[in-house]
Amino acid sequence: MPRPTLFLLLALLLLAAPAGHAATWCVRNHTELQQALTAAAASPEDDEIKLHEGIYTTYAGTFTYSAQTTGWMWITGGWYTVDNNDCAQMRMDASRTILDGAGQNRVLQIILMPPAGTTQTARLGVMNLTIANGYGDSATNQRGGGIQMNSYSDGYTELWLDRVIVANSDGYFGGGADLYAKNGFVRVANSLFDNNDASASAFGHAAINVVATAASVSPAIIIANSTFARGRCASTGTRGCGVGVGLPAGVHLAVLNSLFHDNALSDLNIEGMAVIGLGNGSAAAEYSLIPTLSGNLPLAATHAFTGDPMFVDPANGNFRLRDASPLIDRGLAPLPYYPLGGSDLDAQPRVRFGAVDPGPYENQTRAWLFIDGFEP
C-alpha cells in the first residue's frame, strides 16, 4: 500500500506513461471522447485518454467511464500536434481544454465498481482541463454536476484531481464535484473551483468522502494549493456551500496552501461518521485561508491566514493574487506529501520569487515593485 514516504514517487509518475501495458487514446471531439471512455472502461490495462485542446460539449449526455476492472485511468488535457504527430506534446494550461455540460448535463462521470472482494489497487485521475457548466438533476439526486468520481471497490483506489478548473456547475450534492472512495485516497491539488452551486442541497463546490483507507495512509484526503470561491447552495441544516468532507475513524484530512473565499454559509464543513457507526476521523490545515467552518469535527489549523487575500478580480472570476497581496510567498514548500510540479495553473513558474504562493496561481510580477528601492 502507498505510504506517505512514497507520495513523492507516486506523484512523479504523473509525468510518465501509466504503469503496466498502457493503452492510449488521442481524441479530438466529443464522439471520440466517449468512445475512448467506453473502451478504457472495458480494458483490463492501464489507460490514458489524451484530449486535444478545444471544447468538448456533452451533446449526447454525460461523458461516462463505468468500469468493473481495476487499474490506472488518466484523462489529461492540453495535447496538440507537432510535426504531424498527434497528441505529441502537452501544454500545461487547464483553460485550453474544456468539457462543457451546456447547463444541461452532468459533465463527467467516472465510476469504478468491480466485483465484491476485489483486492487490486487502482488510480483514477483527471488532469489539466476545465469542467464547466455542468448540471446534475436534483429530482434524481445527481451528485457532482461538474464531475462525479466514485470508487466502490474493496481494493485500494486513489482519486486524483490535479490542475483542474471546475466552474459554473450545479448538482444535487457537491455541485462542482462528488468524490467518493469506499477504500482509498482522494487528492485535489493545484485546482480552482469557482461559482458552483448545490441549488437543492449543500456543498456548492465539492462533497468528499473516504469510508476507509489503509492503516499506513495518512492523510487519506489532501486538498492542496487550490482555491474555492463563490460557492452557493440551498444548504441543509448547518452545512454550508463550500466543501463538505466526511471523515470516519482512521481517515485524516489535510488542507495545505489553499484559499476559501466568498462561499455562502461556510467554506469548509467537516463531519465525523460516528452517528452511522463508523467513528470520527480528524482534520488539519496549514498555510490556508478558511474564514468559516461548520460541521461536528474540529480543524487543527496552524499558520492560518486571515483577512483579504487581495485577488485580482474576484467578482469576475480572476483569483490570481495581486502584487500587493499579503499572501505572496507565504505558502508551505516543499509539501510533505507530494511535489507541486514546475508550473502553476497558468503554466507559469510555480515558484517565482523564492517561495510558493498559496492557491493554484503563482504571482509573476511582484518583484518589479522593488526595482530602484520602491516598496509598496
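Checking Tyr135 against (1) over 30 Å from Val217 (Cβ atoms); (2) surrounded by fewer than 21 Cβ atoms within 10 Å (Cβ to Cβ), which single condition isn't satisfied? Condition (2) is where Tyr135 drops out. With modelled with pLDDT of 95 or more, among the small types (Gly, Ala, Ser) and touching a Phe, Trp or Tyr at 6+ places or on another chain (Cβ under 9 Å) as the only criterion, which of Ala40, Ala19 stands out? Among Ala40, Ala19, only Ala40 is modelled with pLDDT of 95 or more, among the small types (Gly, Ala, Ser) and touching a Phe, Trp or Tyr at 6+ places or on another chain (Cβ under 9 Å). Scanning the range 168-200 for residues that are of a type in the set (A, V, I, L, M) and crowded, with 23+ Cβ neighbours inside 10 Å yields Ala177, Leu179, Ala181, Val186, Val188, Ala189, Leu192, Ala198.
Residue count for the range 225-236, restricted to those that are in a loop (DSSP other than H, G, I, E, B) and crowded, with 22+ Cβ neighbours inside 10 Å: 4. Selection of the range 215-269 for residues being of a type in the set (Val, Ile, Thr), out of contact with any His (no Cβ under 8 Å at 6 or more places or on another chain) and within 16 Å of Ala300 (Cβ to Cβ) yields Ile222, Ile223, Val245, Val251, Val255. Scanning the range 250-272 for residues that are in a strand (DSSP E or B), open to solvent by 20 Å² or more (accessible area, probe 1.4 Å) and free of Cβ contacts under 8 Å to residues at least 40 places away in the same chain returns His252, Glu271. Apart from one condition, Ala88 fits all of (1) of a type in the set (Gly, Ala, Ser); (2) assigned to a strand (DSSP E or B); (3) open to solvent by 10 Å² or more (accessible area, probe 1.4 Å); (4) within 19 Å of Phe185 (Cα to Cα); the exception is (4). Scoring Gly103 on the criteria (1) in a loop (DSSP other than H, G, I, E, B); (2) under 20 Å from Leu192 (Cβ atoms); (3) open to solvent by less than 20 Å² (accessible area, probe 1.4 Å) leaves a single failure, condition (3). When Gly145, Gly125 are checked against the criterion of being of a type in the set (Gly, Ala, Ser) and part of a strand (DSSP E or B), a single residue qualifies: Gly125. Within the range 111-122, the set of residues being part of a strand (DSSP E or B) and either farther than 25 Å from Ala202 by Cα or open to solvent by 10 Å² or more (accessible area, probe 1.4 Å) (or both) comprises Ile111, Ala122. Of all residues in the range 216-255, those satisfying the criterion of being more than 11 Å from Ala283 (Cα to Cα) and of a type in the set (Ser, Thr, Tyr) are Ser216, Ser226, Thr227, Ser235, Thr236, Thr238. Being out of contact with any Gly (no Cβ under 6 Å at 6 or more places or on another chain), free of Cβ contacts under 8 Å to residues at least 40 places away in the same chain and not in a loop (DSSP other than H, G, I, E, B) holds for only one residue in Ala285, Ala212, and it is Ala285. Out of curiosity, is Thr302 under 23 Å from Cys241 (Cβ atoms) and open to solvent by 20 Å² or more (accessible area, probe 1.4 Å)? Considered against the rule, which asks whether it is under 23 Å from Cys241 (Cβ atoms) and open to solvent by 20 Å² or more (accessible area, probe 1.4 Å), Thr302 comes out as no. Scanning the range 308-330 for residues that are in a strand (DSSP E or B) and not acidic (Asp, Glu) returns Phe311, Val312, Asn318, Phe319, Arg320, Leu321.
Here Ile222 clears all of (1) modelled with pLDDT of 95 or more; (2) part of a loop (DSSP other than H, G, I, E, B) except the condition numbered (2).
The values are calculated or read from the model by the stated rules, or taken from the named source; none is laboratory data. None of these values were measured; they are calculated from a predicted model. FYI the Cβ positions are ideal-geometry reconstructions off the backbone, even for glycines, and counts take in every protein chain you see. For accessibility, only protein heavy atoms count, side chains too; no ligands or nucleic acids. Shrake-Rupley method; radii C 1.70, N 1.55, O 1.52, S 1.80 Å.
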